[in-house]
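Derivation of every value follows stated rules applied to the coordinates shown; laboratory data play no part. All of these numbers come straight from a predicted model, not from anything done at the bench. Note: ideal-geometry Cβ built from the backbone for every residue, glycine included; neighbour counts use all protein chains shown.
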Amino acid sequence: MPKIKRKSHEVEAALEEDIEIQGKRFRVYFQNRYTILSLAVDLLTGFFYILGSVAALTPIPDRIGMYFYLAGSIFLTIRPILRIIKNIFIYDDLRVEKEKREQLEEK
């Protein structure tokens, strides 16, 4: 069985994964952009399913309710895609080696 190399993920949180919105008096800081996206997708999913349910209970055409349910289903599919993207890390080993060599040459 082949061995799997495990690498640690080193991220400068303030630069890559965090979102900061600066106002005049206050600053809003979101710790992880994927968490915020996931919560927004969950909120939109619930919103579209509620609209679909209300549309099914009212005399408006069924097609409109089906569009809301379809939008909710699409957002349910987006959530695991966001989780996959959040947990995939791509390492450029050649770039890392080049940077290490450059650092050694500078010393």
Using Cα-Cα distances under 8 Å and only pairs 6 or more residues apart, what relative contact order does segment 27-95 have, in percent?
36 percent
Peptides 60-66, 90-96, 34-40 ordered by average Cβ neighbours within 10 Å, highest first
34-40, 60-66, 90-96
Would you mind classifying segment 15-107 by shape? Square roots of the alpha carbon gyration tensor eigenvalues, ordered a ≥ b ≥ c; an a/c under 1.5 is rounded, otherwise it is prolate if a/b is larger than b/c and oblate if not.
oblate
